[in-house]
1. Within the range 362-406, take every residue that is under 21 Å from residue 326 (Cβ atoms) and of a type in the set (S, T, N, Q) and give me the one that is least open to solvent (accessible area, probe 1.4 Å).
2. Go through the residues of the range 312-319 one by one and say whether even a single one is touching a Lys or Arg at 6+ places or on another chain (Cβ under 9 Å) and surrounded by fewer than 16 Cβ atoms within 10 Å (Cβ to Cβ).
3. Look at the range 53-63 and say how many of its residues are open to solvent by 20 Å² or more (accessible area, probe 1.4 Å) and touching a Gly at 6+ places or on another chain (Cβ under 8 Å).
4. Kindly list the number of the only condition in (1) touching a strand residue (DSSP E or B) at 6+ places or on another chain (Cβ under 6 Å); (2) open to solvent by less than 40 Å² (accessible area, probe 1.4 Å); (3) not aromatic (Phe, Trp, Tyr) that fails for residue 222.
5. So, in the range 410-458, exactly how many residues are within 22 Å of residue 103 (Cα to Cα), outside any loop (DSSP other than H, G, I, E, B) and open to solvent by less than 20 Å² (accessible area, probe 1.4 Å)?
6. Is it fair to say residue 382 is among the small types (Gly, Ala, Ser), assigned to a strand (DSSP E or B), on the phi < 0 side of the Ramachandran plot and modelled with pLDDT of 95 or more?
7. Specify which of the listed residues (223, 187) is among the hydrophobic types (A, V, I, L, M, F, W, C) and touching a Phe, Trp or Tyr at 6+ places or on another chain (Cβ under 6 Å).
8. Quickly run through the range 102-137 and pick out the residues that are open to solvent by 30 Å² or more (accessible area, probe 1.4 Å) and either modelled with pLDDT under 95 or within 20 Å of the chain's Cα centre (by Cα) (or both).
Amino acid sequence: MNHGVLKFFGIAWTAVFLAGGLAAQSWPTYNHGPSRNALVERSPGLPLKLQWVHVPRLAPRPAWPDPAPNDFWHRKHNLAPRVIYDRAFHLAAAGGRVYFGSSADDQVHCLDLATGEEVWTFFAGGPVRLSPTLAGGKLYFGSDDGRVYCLDAATGRLLWKVFPAPKDQLVIGNRRMISLWPIRTGVVVDQGKAFFCSGLFPHLAGVYLCCLDAATGKELWKVKTDISPQGYILASKDRLFVPTGRTAPVAFDKRNGKKLASIPSSGGGYAVVEDDVVAAGPGDTGGTLTLTDAKTRRKLVSFQGLHLVSRGGIYYIHGRTSLFALNRNRYIALLRKRVDLEAQKKKLAALLKKKGGKSPEGKKLRLRIDTMGKEIARLNRAMKKCFLWNKPCKEPYGFLAAGDLLFTGGQDRVSAWKASSGRKVWSAPVEGRAYALAAAEGRLLVSTSKGKIYCFAK
């Protein structure tokens, strides 16, 4: 059988595979799915060996430079960047293929997962800064040209494209001509609908939150909003959460795009939603994740961390210098009790101030406040016991969980850790900062700030 026939059957098989639905070991988009919980149930297996390295012609060209190291006005020092969603080529993988968009050559690339060889490319009209999304045999992505595209994932053939902005106006952005309404949220596909934001400058040109029929590209609704969306949009059962880069994420009603409220956060382009809790961050100092009740939007707690994965009732939290695990279910239950008690205590303290501490009623209030204080202290002690293990880890860029392993990306290195104990069990060199990790079909994929894509397998 000649090479052309083999290639035909390879593409045909990929099309059948993707059309039939994504396998459990696929990686359909950034951090695996609409919730952005970077988790697959099966581990690639150890030891992993390097299978191939794909070297694109051009390295990523991020939209935003690093911030100044110090903000003396606000007394902040050693500042870290909040907006880093395009510092590597984030990957999607399924059906023996790997997909990524390029901020440097304006293309979406499809590679063979087994060999790293290029299968097809597709040119957009501007930089493609965020990961494509695979769904139902189709590949969805947005570009700085202001358009959202839908391709046949097997062949790269254009199925439809949509320009949701009010007019086709160009401006200079990152030494390029781009739309005044670039797509900087990626596209999340959920329940047959495609969600994304169009625009970046709410006060200059307006920003639009959009919902399309994923099959046809037909507009289902579009609402104008006042946020500056930057970072991967994510979805829960009834909410959309849109990171805004330097400020807090914002929640919207998934049915109609109605703006609900900001989610407490120190800012940043990272967010993940799991059941009833949203984690967002990491801010610009130290790396901070804030946990918030997804429905009430009430802040629960903030702690040091950059990324979070939830699995089997356990939170795995990845920070700048540490990796730790805690009993998620018990911790959240205790947190809710503590937040309720602190709110009650605050109200009683205000009432005590009004009544006076020496009155009979004031003495009763003081007694109740003291009792609540003791209960809060007990809850704090119980919360500390929820931490299962804590290990030093200086690989702060990428993070995912695959089966019984946790993978971290650092400067020129990627490593694996046992989820049960935090013990490091594998490591390999790469070139650059390993920002983008993906696990698919028994392989670990690593994409770095240098533009190189590595594939490891057992």
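1. 380
2. Yes, the range 312-319 has at least one match.
3. Total meeting the criteria: 6.
4. Single failed check for residue 222: (2).
5. Result for the range 410-458: 12.
6. No.
7. Every option except 187 fails the conditions.
8. none
The values are calculated or read from the model by the stated rules, or taken from the named source; none is laboratory data. Because the structure is a prediction, the values reported are computed rather than measured. Because the Cβ atoms are built from the backbone with ideal geometry, glycine has one as well, and the counts that use them run over all protein chains shown. Note: areas computed on protein heavy atoms with side chains; ligands, DNA, RNA excluded. Shrake-Rupley method; radii C 1.70, N 1.55, O 1.52, S 1.80 Å.
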